[in-house]
Amino acid sequence: MAHEHSLSIGYVALVDSAPLIVAREGGFFAEQGLQVDLQREPSWASLRDHLLFGDLVAAHALAPLPLAATLGIASPRIPVITALTLSLNGNAITVSSALHQRLTDAGLTGGDQPLLAATALHRVIQTYPATKLCFAVVSPVSNHHYQLRHWLQAAGIDPATQVQISVVPPRYMVEALRAGEIDGYCVGEPWGTLAAVEGVGMPIVSSYALWNNMMEKVLAVREDWALAQPGVHQALIRAVLAAGHWLDDPQHRLEAAPWVAAAIDVPAEVVALALTGSVPGLPQREDFHVFTRYSANFPWHSHAHWLVRQMQAAGQWPEGADAAILIPRVYRSAEYRQAAHALRIPVPKEDFVAWGGEAQPWLLADDQGGTIRMGASRIFNGSGVLP
């Protein structure tokens, strides 16, 4: 198909930008008549602003960004939507080598045990009361921030008073840890793996262990662009959706590692570890990154409700904002279904399912009378199940 539409799409240097990179390198954009310029942004704030003010047509975005921008939380108030989730999971809490040793002395044994790790951190804080630990997140309006807060609070640590939480762009996390400017961070890959490979830190808890199979990044576009260009928007969704399905083959992930490595400027062997769920310090986990399994690409209203809860808990949700009205406006399930049907991909029958309590894989009805295999949706401390 000849190129008909030129689009600029932004991304941040993270492994979970892989569906966009694969869509370009694997020809999926071209198959849908799209000529795409992928622009690497230095920070989430830069990406957000370039999207909101029209320098980018679409973006690899933090899951809360569409809601936050539409409400004007920490940004200008410009309506943004998503009709496609790019990935589930993919973050990890990483600590400096020095703090990791203290946690080990305080009872931490092995990785991906959230309550054990949080309890050990509480003991460290009590043992060294004069030292206020500093953790970094990529944005105050992000799963990284909400996951870190949730993890700290599970052990009775007050994130507002007992630790300092700073914002550091993903690419600078490892250097900040190496320089002793921070003691740990919650960030997406490859920055946990790179810290371990370079000997400056160690991942101790994955976001999967905190919130099983939660939406992490989404394909975000301005609402006015999507309304003006519905056909191009559909072509964009189809291209990225097809790329994600290609990427969820384990062999294809290894094939994609050099593409992603070049796009984010990190060694290919580090990217391969992250893409295959072989993160140092954590048990091997096939679902560390999920790109299409478990109907991952559906813009679940249940996931959006969970994000609203986290925004409320962090004191970010504006008084009077109605989540029941905003979520269907921002998370566009009808547009997703249209694209998925065109690719003959099964789609969920409902926009909202009970989320937060499933400890094992389960089956969900699709809209054609069949079923979709879903993954676990357990929240690590049993809190916040959505009915």
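We did not get these values from a lab; they are worked out from the coordinates using the rules stated. Keep in mind that what you see is a predicted model, and the values were worked out from it rather than measured. Every residue, glycine among them, receives a Cβ derived from its backbone with ideal geometry; neighbour counts consider all protein chains shown.
Taking 0.36 nm per residue of sequence separation and removing the Cα-Cα distance, the His5/Ala321 pair yields an extension gain of 110.1 nm. Placing R0 at 35 angstrom, the Cβ-Cβ distance between Thr161 and His50 gives a FRET efficiency of 0.50 after rounding to 0.05. With R₀ set to 30 Å, the beta-carbon distance separating Gln284 from Glu198 gives a calculated FRET efficiency near 0.90. The label-point distance for Glu255 and Asp37, in a model that sets each label 7 Å from Cα toward Cβ, rounds to 2.9 nm. Applying 0.36 nm per residue to the separation of Leu227 and Ser383 and subtracting their alpha-carbon distance, the gain on full extension is 52.4 nm.
Here the stretch 228-387 is assigned +1 on the Cβ of each Lys and Arg and -1 on the Cβ of each Asp and Glu. Its dipole about the Cα centre then comes out at about 200 debye.
If each DSSP helix of 4+ residues adds -39,500 (n - 2.57) and the sum is divided by the residues in the chain, what number results at 222 nm, nearest 500 deg cm²/dmol?
Details: 17 runs with 158 residues, N = 387.
One gets -11500 deg cm²/dmol as the mean residue ellipticity at 222 nm.
Between Ala74 and Glu181, the contour length at 0.36 nm per residue exceeds the Cα-Cα span by 36.1 nm. Legend: calculated FRET efficiency, Trp362 to Gln101, from the Cβ-Cβ distance at R0 = 41 Å, rounded to 0.05, equals 0.55. Charging the Cβ of each Asp and Glu at -1 and of each Lys and Arg at +1, and nothing else, the dipole of the chain about its Cα centre rounds to 560 debye.
What base-10 log of the normalised intensity I(q)/I(0) is obtained for the stretch 196-287 from the Debye formula, alpha carbons as equal point scatterers, at q = 0.15, 0.16, 0.20 Å⁻¹? Here the Debye-derived log intensity ratios amount to -0.78, -0.86, -1.11.
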